[in-house]
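Input: a single structure, listed below in structure tokens.
No value in this document is a laboratory result; all are computed from the given coordinates. Model, not experiment: these values are computed from the prediction. Quick reminder, even Gly has a Cβ in these numbers, built from the backbone with ideal geometry, and neighbours come from all protein chains shown.
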Amino acid sequence: MRRSNEHIYQEFCMSISMNVKISGLQQLKAELAGFSDRRLRAATATAITRTAKHLASDWQKEIDTKIDRPTPMTKSAVRIEPARANKLSATVALKDVSRSGSLSQNDYLQQHELGGSRLVKKFERALIASGAMPQGYITVPGKGADRNGFGNVPRSTIIAVISQLGTDFSEGYQQTISKDATKRAKSQARHGKRYFVMPVNNGRVSPGVYMRGADRNMKMVFAFKRVVNYSRKLTLQDAAKESRVQAIAAQEFDRAISESMARMRSAK
């Protein structure tokens, strides 16, 4: 039951998000005998929300496919704000609430959607604030770093590093370093495991954070690298998706209207 005068469109935002709306409802209402404003708005809200769920699923599938070894946090990166009868708009977006000491999904996936340099992590801001690493550098895992199944340095190692390197850290790390974590870091130091920084342009070894164990051997945990630009991997907000969104929204609108009509007839 396609309505030729319906208008379905998307709005692209500066952040990684997309709004889905349906307009022209007054014209549509004239074609639907017996439909109240309340019923039409409820059906429209249902159609918009269902369309947003389709789009959110498409986004998450693209992220899971194009991001190398996505973590559980990355695999649940997309959120939806559903439409309501009094707000005929749904939003599909990347989650933008960060845990203490880490970037939000919107923050770290932004570089893959927009390209360019990646954001500086809180850990890196802490190193810069303490004077351990200069501006214009980021960290990458060193050859001697332990890594988890996703190729990242474990959180416990990060906490041990910042616990030993000083306390002049960016906001949020006072909460990150719990008393238990600090005790573990001090225990590691007593047993000979200590972290230290080799600064940029030291003239001897590659700059970064190193760990020296009880055997006195030195291992690089984090290397300091100049900020680089990343190529674009994701196309979440690509205009080419507009035709698919429009087609889905039209189908979902017809479905919601048909369901509402069936309920209206059964109530008579």
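Go through Lys29/Lys61; Lys21/Lys95; Lys29/Lys233 and tell me which ones have a Cα-Cα distance over 32 Å in this structure. Walk me through the intermediate numbers first.
Values: Lys29/Lys61 36 Å; Lys21/Lys95 21 Å; Lys29/Lys233 43 Å.
In this structure, Lys29/Lys61; Lys29/Lys233 exceed 32 Å between Cα atoms.
Hey, can you grab everything whose amide H is under 5 Å from the amide H of Leu234? Only 5+ residues off in sequence or another chain; H modelled, so Pro and N-termini drop out.
It is Glu113, by chain and number.
Which entries of Lys75/Lys193; Lys121/Lys241; Lys121/Lys143 have Cα-Cα distances beyond 24 Å here?
On the way: Lys75/Lys193 35 Å; Lys121/Lys241 31 Å; Lys121/Lys143 20 Å.
In this structure, Lys75/Lys193; Lys121/Lys241 lie more than 24 Å apart at Cα.
Once amide H atoms are placed 1.01 Å from N in the peptide plane, what residues at a sequence separation of 5 or more from Ala90, or on another chain, have their amide H within under 5 Å of its amide H?
When sequence neighbours closer than 5 places are left aside, the close amide H contacts are Val20.
Could I have the simple spin-label model distance between Lys66 and Arg212, label points 7 Å from Cα toward Cβ, reported in nm to one decimal?
If labels sit at Lys66 and Arg212, their model points lie 4.6 nm apart.
For the stretch 198-211, what does the Karplus curve 6.51 cos²θ - 1.76 cosθ + 1.60, with θ = phi - 60°, yield as ³J(HN,Hα) per residue in whole Hz, taken in order and with x for Gly and Pro?
Going residue by residue, I get 9, x, 5, 6, 7, x, 10, 10, 4, x, x, 9, 10, 10 Hz, with x marking Gly and Pro.
Convert each backbone phi in the stretch 76-91 into a coupling constant with the Karplus relation 6.51 cos²θ - 1.76 cosθ + 1.60 (shift: θ = phi - 60°), then list the ³J(HN,Hα) values in order as whole Hz, x for Gly and Pro.
10, 7, 9, 10, 10, 10, x, 7, 9, 4, 9, 8, 7, 7, 10, 10
From the phi angles alone, apply the Karplus equation (6.51, -1.76, 1.60; θ = phi - 60°) to the stretch 151-157 and give each ³J(HN,Hα) in whole Hz, x where the residue is Gly or Pro.
With coefficients 6.51, -1.76 and 1.60, one gets x, 9, 6, x, 4, 4, 5 Hz.
For every other residue with a beta carbon closer than 15 angstrom to the beta carbon of Asn86, add +1 if it is Lys or Arg and -1 if Asp or Glu, then tell me the sum. All intermediate terms of the calculation are to be shown ahead of the outcome.
Details: positive: Lys21, Arg38, Arg39, Arg41, Arg84, Lys87; negative: Asp37, Glu81.
Within the 15 Å Cβ shell, the charges total +4.
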